[in-house]
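The values are calculated or read from the model by the stated rules, or taken from the named source; none is laboratory data. Everything numeric in this text was worked out from a predicted model, so none of it was measured. Every residue, glycine among them, receives a Cβ derived from its backbone with ideal geometry; neighbour counts consider all protein chains shown. Side chains included, ligands, DNA and RNA excluded: accessible areas come from the protein's heavy atoms. Shrake-Rupley method; radii C 1.70, N 1.55, O 1.52, S 1.80 Å.
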There are 2 protein chains.
Amino acid sequence: MATLKQVAAHAEVSVQTVSNALNAPHRLRPDTLQRVTKSIELLNYRPNRNARSLRTSAVELIGYCVPSWPNGQAHLVMDQFLHALCTAAETTSRHILLFTAPVGLEGMPVYEDLHARRLVDGFVLSQTETHDPRHGWLKEQEIPFVSFGRVWKETTQPGPFVDVDGAAGCAAAVRHLYDAGRRRIGFLSWPKSSGLAEDRLSGWSDACKQLGLSTSGRAMRCVDDTIDEGAGATAELLDATEPVDGIVAISDVLALGALSELNRRGLTAGVEVGVTGFDDSPLASVVSPALTSIRQPMDQIATELIDILTAPTRRSADNPDADPTPARSSTERLLQPELVIRGSSAPG
Amino acid sequence: MATLKQVAAHAEVSVQTVSNALNAPHRLRPDTLQRVTKSIELLNYRPNRNARSLRTSAVELIGYCVPSWPNGQAHLVMDQFLHALCTAAETTSRHILLFTAPVGLEGMPVYEDLHARRLVDGFVLSQTETHDPRHGWLKEQEIPFVSFGRVWKETTQPGPFVDVDGAAGCAAAVRHLYDAGRRRIGFLSWPKSSGLAEDRLSGWSDACKQLGLSTSGRAMRCVDDTIDEGAGATAELLDATEPVDGIVAISDVLALGALSELNRRGLTAGVEVGVTGFDDSPLASVVSPALTSIRQPMDQIATELIDILTAPTRRSADNPDADPTPARSSTERLLQPELVIRGSSAPG
DNA sequence: CTGAAAGCGCTTACAG
DNA sequence: CTGAAAGCGCTTACAG
């Protein structure tokens, strides 16, 4: 493995010049640059990242805690998210370092240790939960991070985040079903304790009201995110005095439960009842009829996350008051989801 | 951030002694060790990993290429695999570095670059395909790696691997269905070009023959891994002169197709027809009746992968012939899957 | 535009 | 059992 010194000897310049050829080529005279470049190629030189990191104290690695699901629930779009995150990181010549940690506050020493030992420059948080304690902790420790998802029900959001406007997504689903002629639209949700669920529910509820549709008795709470729960809630909605003809589900799994219950009753999704899911997970395109679903723009999410985390202005360190940049708009980004329309919401 | 030098000054010893306290504590006198340990804690010292890596030229990072699925197919157990891999790596104080690369030979410069720049010590390969070119390439470059999955149809496997005995898994599924009284058992497979598929099919076929069951016309080839394909193949198996009463599917998605077709015909999985899947993906426990499925032992797979990759004996470098260790048995490990029995294969 | 030199924070033979 | 010193491969003020 060639070193800077060997390249310098080969090109008959100093190591400083080779380093500049790599990191600040404009400082070299064209002919020198070319000679150095040729030596680099000839010797197949690749700068040792550890030496660079030691010197600059920047490792260009971003930590991401792989979620564990003791309840057996899977993160069905995790591979999409990770792929997008990696790609976004690589456009800034960074990479993702994976690690595991206990959930909640208990896991924070792991974060702190990774940062202290300089294995990572900062963190991307996801699986953000209502009252998630990680954000505040990291902020207090002045460890750089950015969150995918908001910490709900706090007075102020600790630190920067990127999130998807779930309310707008659900409202779009309601309007889509309305346009297909549906007038009695139910909502399959999770327990009230979830800020995420309340946000999405408000989108359904507001859109219904705006369109003059009743919401009374049509918001179902599913304790677990399973097909059975979705099917049970759907059964209730169908057995009501005024049976629903449209269902907006807060997840693809609950929507699959709706499809299953319709199927059991000899009804066809997209014909008698329109159904939509959330996340556009692999499940959505694999069932028949395929599931209309609200897709989170993963590539954009990842790009924004990396952009915020790697932004040169680290506000906390230097003068926080004299800064002209509007703080909120640059570190709190709400993206619009996309309704992917398939057979479950419309015939054909 | 405290450094080794500061700790040494605080404990009134040399830096060498502090380093030894961390890496070879047995070399210190107990009282010295205790004094140093106290200083380390007091100053909240954490060794800088970059400095260590630069010196030892071992980064303790393992590269893993996140699969991309242009065809929209998801890796439904990827989060399980990644979690297991991270956990296994962490027990040896290593971590996983994620990256993306083009598929096939085109992606190899990315692997080479990551290794040359010392971002990783080696690689874990998964999504191994029939005739996968990566293994041979890495071996030739003498870049350490270990594969989850075999390169099928090569005369010799290039490099170490861990894999699951798919044939044994499918044979176990057949015997399970046989024990539940099934006598006409079909198999939902993929195209013949897949070595993985042929291996699993052979397990089904051998077990059937051993039990005196006919296999004729009962192996179906599904071009895509979708519910529709599985449903179509199941329809054929049910419409045959001798309709099947058991179905072993090569994937959970195809098994879901079988369930869907049974459902459409008013048949119940586990009652009229027993159905089994492969992978025990999140899909399996989310459907109703829940899917019996062949589970790959992810934790064990991950442990073996890390074990092989981090084994101190790097045979290729030093004397390859004079080694007493049997090469095959230590670097080629075939693990047994587990049949997870649920409602789709047996009533109740 | 180019070069000699210091230093990032560790580990490791080598002496004592 | 402990210490002084060299060196891993870079980057970066500082001179020329």
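Which semi-axis lengths, in whole Å and largest first, follow from the square roots of five times the eigenvalues of the Cα gyration tensor of region B:166-296?
For region B:166-296, the ellipsoid semi-axes come out as 18, 17, 15 Å.
Given a Förster radius of 60 Å and the C-beta distance between residue B:44 and residue B:224 as r, what FRET efficiency does 1/(1 + (r/R0)^6) yield to the nearest 0.05?
For residue B:44 and residue B:224, the calculated efficiency is 0.60.
When Lys and Arg each count +1 and Asp and Glu each count -1, what net charge do the other residues less than 12 Å away from residue B:270, Cβ to Cβ, add up to? Please report the intermediate quantities before stating the final value.
On the way: positive: B:182, B:342; negative: B:245, B:272.
That works out to 0.
Return the average number of partner chain Cβ atoms within 10 angstrom of each residue Cβ along peptide A:78-90.
The per-residue average across the peptide is 5.
Per residue of B:55-65, how many C-beta atoms from partner chains lie within 10 Å of its own C-beta, taken as a mean?
Going residue by residue through B:55-65 and averaging, the value is 2.
Place the label 7 angstrom along Cα→C-beta at residue A:15 and in each other copy, then list the distances from the first to the rest in nm, shortest first.
1.6
Among the GluC sites (Glu not before Pro) within region A:117-189, which fall in a DSSP loop and have no more than 12 other Cβ atoms within 10 Å of their own Cβ?
For GluC sites (Glu not before Pro) across region A:117-189 that sit outside H, G, I, E and B with at most 12 neighbouring Cβ atoms in 10 Å, the list reads A:142.
Relative contact order of region A:4-47, please, whole-number percent, based on alpha carbon pairs below 8 angstrom and at least 6 residues apart.
42
Which residue fluctuates the most in chain A, going by a Gaussian network model with Cα springs under 10 Å, if the choices are A:155, A:234, A:331?
Its mean-square fluctuation being the largest, the pick is A:155.
Given springs between every Cα pair under 10 Å in a Gaussian network model of chain B, which of B:202, B:53, B:19 has the largest fluctuation?
Looking only at B:202, B:53, B:19, the biggest GNM fluctuation is shown by B:19.
Restricted to Cα positions, what overall size does the protein assembly as shown have along the principal axes? Three whole-Å values, descending.
For the protein assembly as shown, the Cα spread along each principal axis is 79, 69, 62 Å.
Using Cα pairs under 8 angstrom and six or more residues apart, how large is the relative contact order of region A:166-296, in percent?
Contact order relative to length: 25 percent.
From the label point of residue A:56, set 7 Å from Cα along Cα→Cβ, how far away are the matching label points in the other copies, in nm, ordered shortest to longest?
So the distances to the same position in the other copies read 2.5 nm.
To check you understand DSSP bridge types, tell me what percent of the beta bridges within the protein assembly as shown (both residues inside) are antiparallel, rounded to 5.
Close to 15 percent.
Can you tell me the relative contact order of chain B? Whole percent, Cα pairs under 8 Å, sequence separation 6 or more. Intermediate values should be presented prior to the final figure.
Values: 595 pairs, mean separation 52.0, N = 348.
For chain B, the relative contact order is 15 percent.
In whole angstrom, note down how far apart the Cα centers of region A:104-138 and region B:52-108 are.
Comparing the Cα centres of region A:104-138 and region B:52-108, I get a distance of 21 Å.
Roughly how big is the B-A contact, given as buried accessible area in Å² (both sides, 1.4 Å probe, nearest 100)?
4300
Remind me, what semi-axes does chain A give for its equivalent ellipsoid, largest first in whole Å, using sqrt of 5 times each Cα gyration tensor eigenvalue?
50, 22, 18
Roughly to the nearest percent, how much of the accessible area of the protein assembly as shown is carbon and sulfur, given a 1.4 Å probe?
51
Under the Kirkwood approximation for Rh and a Cα-based Rg, what ratio Rg/Rh is obtained for region A:82-196?
1.08
Given a 1.4 angstrom probe, what's the average accessible area per residue across region A:166-296, in square angstrom?
Result: 36 Å² per residue.
Could you pull out every residue, at least 5 positions away or on a different chain, whose amide H is within less than 5 Å of the one on residue A:335? Hs are placed 1.01 Å off N in the peptide plane, and Pro or chain starts have none.
A:163, A:164, A:165
Rounded to whole Å and sorted largest first, what semi-axes of the equivalent ellipsoid does the C-alpha gyration tensor of region B:138-195 yield via the square root of 5 times each eigenvalue?
34, 13, 7
What are the nm distances, shortest first, from residue A:232 to its equivalents in the other copies, labels at 7 Å along Cα→Cβ?
When each copy's label point is compared with this one, the spacings are 3.7 nm.
Can you pull out the GluC sites (Glu not before Pro) in region B:1-87 whose DSSP state is coil and whose Cβ has at most 16 other Cβ atoms within 10 Å? Can you show the working numbers first?
Working: sites: B:12, B:41, B:60; in loops: B:12, B:60.
Within region B:1-87, the qualifying GluC sites (Glu not before Pro) (loop, at most 16 other Cβ atoms within 10 Å) are B:12.
Can you bin every Cα-Cα distance in region B:4-47 into 5 Å intervals starting at zero and give me the percent of pairs per bin, rounded to whole numbers?
Distribution as computed: 5, 30, 41, 21, 3 percent.
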